[in-house]
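Below you'll find the structure, written out as structure tokens, and then a few comments.
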Amino acid sequence: MINLPPYPKAPENNWKGLTLDEIRMRRALVQARMEIQKYKLNGQMENMRERTPLFGGSSSLFSRITGALSFAEYAFMAVRLLKLVSPIFRKKK
């Protein structure tokens, strides 16, 4: 194949690869970066949970409502919901 002017000749490949120590150092570097990203992501999630009034933490609206209701009240609401929804799923003849 002819090597035209815009395509210079490829340099000779003198690279013999990485040593075992270089591979270990790169692996350690990648693992350290992954741990840092996990830490940052966890911090961002906690920050978002604190700012969200509906689902955020123990003082959220959702946790206050669920804490105020007893098991009997949940059962009562489930029965009422089933009575409300059941006519929708009945077959018409």
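Tabulated values for the structure
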read-out	value
Label-point separation, LEU29 to LEU82 (7 Å along Cα→Cβ), nm	6.2 nm
Label-to-label distance, nm, for residues given as ASN13 and MET48 (7 Å Cα→Cβ offset)	4.4 nm
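Read-outs throughout are calculated quantities, based only on the coordinates presented, and are distinct from any laboratory measurement. From a predicted model like this one, the values you see are computed outputs, not experimental measurements. Reconstructed Cβ throughout: ideal geometry from the backbone, glycine too, with neighbour counts over all protein chains shown.
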